[in-house]
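I have placed the structure first, in the form of structure tokens, so that the comments after it can refer back to it.
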């Protein structure tokens, strides 16, 4: 069986695709991406990577014509790739690269399985879901936006390391409260600033703080303390989330899936400039379930964050309830469920 996976741009698109691919190790898989994006670093070397020059659809005016021209060219390029490679179908995790992949596959009569991680599906998903053989969603709340498509709730696949205990190679005492701050793969400068203002009071309360700052924070090295560990990026986020008593994070769908499977309480600060404010929709699911506290960035002050974190780390019962609520949202076998759907649709079409 030959499968083309179209996933590009961010960890939120790439990690679920990689996790699914790992469950299809008897398939011959090739990858569709965009030049100079994160897939060049993250896609494992065993998958041949093809790139197309497609762009996002946010542009206006004359730029729209350029985007449409690139889309048409990309559709033709992917169509040729699918024919020459004799692929059995396409699996995509949405985003603008999904558009040419879906159009090309359907023009050839090939099955397409789309996975949408967000509670508010992206524009490409909403536009092209009816063209897909099946749309798998990470949040049940997404289904109401996709009424013209065949939809099944499967959760969002996470990397395998999040599903088994991971040793933590950081010098953190075993019996101290641990707060982890993660802005995702890009970091979050505004959140970082708030956290550094709050940190001294948390240190006084005995907490340790591990802070993934991202690579764009000019003040990343401004705080020094024996209970503070700062780094631009950390590979073993699975081990950190498993050890953490509380995580302060953005609300990307992939991060939320990881928090759920590691049963980790969280304070979520949705990225305010995310397309169509989709992170706020993701965070609302966790807030409603009792798994997280949610604050809009424009409304959050250092004083409020400081006190809410203190209240939680001093209240084991509250954290335990949040832990149970996070666990109730988890779909640990999501990657297996998605892989099974891919198999069923592709093998049925032969």
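Results, tabulated for the structure shown:
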| read-out | value |
| --- | --- |
| Ordering of 19-30, 221-232 by burial proxy (mean other Cβ atoms within 10 Å per residue, highest first) | 19-30, 221-232 |
| Whole-Å semi-axes of segment 162-329's equivalent ellipsoid (Cα gyration tensor) | 20, 19, 16 |
| Full-extension gain in nm, residue 299 to residue 204, via 0.36 nm per residue minus C-alpha separation | 31.6 nm |
| Acute angle (nearest 10 degrees) that the helix 302-313 long axis makes with the longest principal axis of the chain, alpha-carbon atoms | 80 degrees |
| Residue of 98, 205, 143 that the Gaussian network model of the chain assigns the largest fluctuation, springs spanning Cα pairs under 10 Å | 205 |
| Length released on extending from residue 333 to residue 236, taking residue separation times 0.36 nm less the Cα-Cα span | 32.9 nm |
| Calculated [θ] (222 nm, deg cm²/dmol) that DSSP helices of n ≥ 4 give over the chain, each run adding -39,500 (n - 2.57) | -12500 deg cm²/dmol |
| Helix 189-204 axis, angle to the chain major axis (alpha carbon atoms, nearest 10°) | 30 degrees |
| Gain upon complete extension [residue 140, residue 66; 0.36 nm per residue less C-alpha separation] | 23.1 nm |
| Inter-site label distance for residue 148 and residue 221 at 7 Å from Cα along Cβ, in nm | 5.4 nm |
| GNM result for the chain, Cα springs below 10 Å: residue of 134, 194, 178 fluctuating most strongly | 194 |
| Selected from 237, 340, 322 as most flexible by GNM, with the chain as the system and alpha-carbon contacts under 10 Å | 340 |
| On Cα atoms only, tilt of 278-289 relative to the major axis of the chain in degrees | 60 degrees |
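Each value in this text was obtained by applying a stated rule to the coordinates, not by laboratory testing. Fair warning: this is a prediction, and the values are worked out from it, not measured in the lab. For neighbour counting, all protein chains shown are included, and Cβ atoms are generated from backbone atoms with ideal geometry for every residue, glycine included.
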